[in-house]
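Bear in mind that the values in this text are calculations on the coordinates, not laboratory data. Computed from a predicted model, the values in this text were never measured in an experiment. Note that we place each Cβ from the backbone using ideal geometry, even for glycine, and neighbour counts take in every protein chain shown.
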Amino acid sequence: MIGYGRQSISQEDIDTVVDVLNSNSLTQGPVVNAFEKALADKCQSKHALAVCNGTAALHLACLALEIEKDDLVWVSSVSFVASANCAKYCGAEVSFVDIDPNSGLICTTELAQKLKNAENNGLLPKALIVVHLAGQSCDMKTISSLCQQYDIKIIEDACHALGGQYESKPIGSCQYSDISVFSFHPVKPITSGEGGALLTNKKELANRARLYANHGIVRDEEKLQHSTQGPWYYEMQALGYNYRLTDLQAALGLSQLKRLTDFTLKRNQIAKLYTDALESMKLPFQHLQQSIGQISAYHLYVVRQSSHLSQSQLFKRMHEQGIGCQLHYIPIFMHPYYAASTDAQSFPGALEYYHSALSLPLFPDMDEKTIHKVLNVLSNCCR
Ligand SMILES: *Cc1c(COP(=O)(O)O)cnc(C)c1O
């Protein structure tokens, strides 16, 4: 079965991990810091914190922004559930914003309208979590100017988007947001096995996230609340977590980061091959709309189908012929945990997207033969 995504591991990736295995520190050593610095440099942001997974990074983003019980957080309606769960971990209420079915990204017209209504009802959110679905940035300029009007914080769930660019700056630069978050799960643009990161330009947010990622423990003498009781002394100032990344993982992440430019290029080349072929073969599949002048990280190649087959029929036929296509994603509000508090009919964009979307296999090591196999199967299925 050809899966929708997979990692690419080089000999150098393997060697750098083995080096750490032979070193003194498997965790809390120097490689995590080196990875963080390299991430901040690559994304042109001031601070980076590497953690154990993308979900932890999203949770820390909410903690850093002081999201608390009964706060309201808005989330793009089509994403992996972690995009919304992070706010629930903090006791916040989650409400969803509809997407544009053509791009899969948060719809700024809907957002503007929802903000106006919320202002009238006194129900403005404390933060908005936007998702760069498939690797393409949302319209951050518009989103940021809307949120500024109402003093709303912005988290970019950029788990799909490391390597992409928005207005000629790397996604993760936080030019139009408070915090950006990445995941290094094996299907994502780079991997550290499991892993994630939080990027920000605000020192206070970076410090708070770091505190919560390490049990809420402070060792720095200047930051102690009580006076020091000896050289062993440290104090716990907040109820934090152990969200650390190991040096083993950071070594893989650092080595992969050096390959990111190449990965992004390959992903874009494959995407172009698909797009050109779908058009020339006149297949009933429409690629997600791409905004001009930006660079997608192409974590996913999503098409919307209008064939004579139902979505389940198409899925079954593709899987029978060895193509492990997937659906990213079931709208979050349709999951039982969220369904009771959300009226699905208020999200026509998300529903329209959900009923036609399909992710085709896309990963850097995909060869042309495999790409043509996918296209042949698609074409046979629609006959
Ligand atoms: C993968 C992913 C996450 C969660 O990342 P993990 O590293 O698996 O915890 C969150 N949001 C989106 C959009 C993702 O794709």
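Details
- Choice from G164, G240, G349 with maximal GNM fluctuation in the chain (Cα, 10 Å cutoff): G240
- Electrostatic bookkeeping for D100 treats Lys and Arg as +1 and Asp and Glu as -1; over the other residues with beta carbon under 13 Å from its beta carbon, the sum is -3.
- Here region 1-142 is assigned +1 on the Cβ of each Lys and Arg and -1 on the Cβ of each Asp and Glu. Its dipole about the Cα centre then comes out at about 160 debye.
- Antiparallel %, DSSP beta bridges [both residues in region 124-252], to 5: 55
- Rg/Rh for region 1-105 (Cα atoms only, Rh after Kirkwood) is 1.07.
- Projecting the Cα atoms of Q229, T342, V302 onto the dipole axis of the chain, where Lys and Arg carry +1 and Asp and Glu carry -1 at the beta carbon, places V302 farthest toward the positive end.
- Relative contact order for the chain, counting Cα pairs under 8 Å that sit 6 or more residues apart, in percent: 24
- Largest-first principal axis extents of the Cα set of region 203-335 (Å): 74, 36, 30
- Taking the C-alpha atoms only, the angle from helix 54-64 to the longest principal axis of the chain is near 50 degrees.
- Amide H contacts of G216 (H built 1.01 Å from N, in plane; Pro and chain starts excluded): G240, Y241 sit under 5 Å, all sequence-distant by 5 or more or on other chains.
- Near V75, the amide H atoms lying under 5 Å from its own belong to S95, F96, V97, I129; only residues 5 or more places off or on other chains count, and H is placed 1.01 Å from N.
- For the chain, the equivalent ellipsoid derived from the alpha-carbon gyration tensor has semi-axes of 36, 27, 17 Å in decreasing order.
- Largest GNM mean-square fluctuation among A158, A84, A112, using the chain with Cα springs under 10 Å: A112.
- As a rough footprinting exposure proxy, the listed residues L288, L198 were ranked by other beta carbons within 10 Å of their own, and the order from fewest upward is L288, L198.
- Calculated from backbone phi, Karplus (6.51, -1.76, 1.60) coupling profile of region 221-233 in Hz, x at Gly/Pro: 4, 5, 9, 5, 8, 9, 7, 5, 9, x, x, 7, 6
- 3J(HN,Hα) along region 193-199, derived from phi through the Karplus expression 6.51 cos²θ - 1.76 cosθ + 1.60 where θ = phi - 60°, amounts to x, 10, x, x, 8, 10, 10 Hz, with x in place of Gly and Pro.
- Degrees, to the nearest 10: 368-381 long Cα axis against longest axis of the chain: 60
- Around the amide H of V51, modelled in the peptide plane, lie the amide H atoms of G196, A197, L198, all under 5 Å away and 5 or more residues distant in sequence or on another chain.
- Restraint check, K46/K141; K42/K203; K42/K188; K37/K272; K202/K258; K88/K202, Cα-Cα greater than 22 Å: K37/K272; K202/K258; K88/K202
- Alpha-carbon centroid distance for the pair region 196-250 / region 160-189, whole angstrom: 24
- Angle between the chain longest axis and helix 11-21 axis [Cα atoms, degrees, rounded to 10]: 30
- Residue-count net charge about H299 - beta-carbon cut-off 13 Å; Lys, Arg +1, Asp, Glu -1: +3
- Relative intensity, log₁₀ I(q)/I(0), of region 204-279 from a Debye sum that treats every alpha carbon as a point, q = 0.11, 0.14, 0.16, 0.27 Å⁻¹: -0.55, -0.68, -0.76, -1.14
- Approximate shape of region 261-381 as ellipsoid semi-axes (Cα gyration tensor, √5λ), whole Å, largest first: 26, 18, 14
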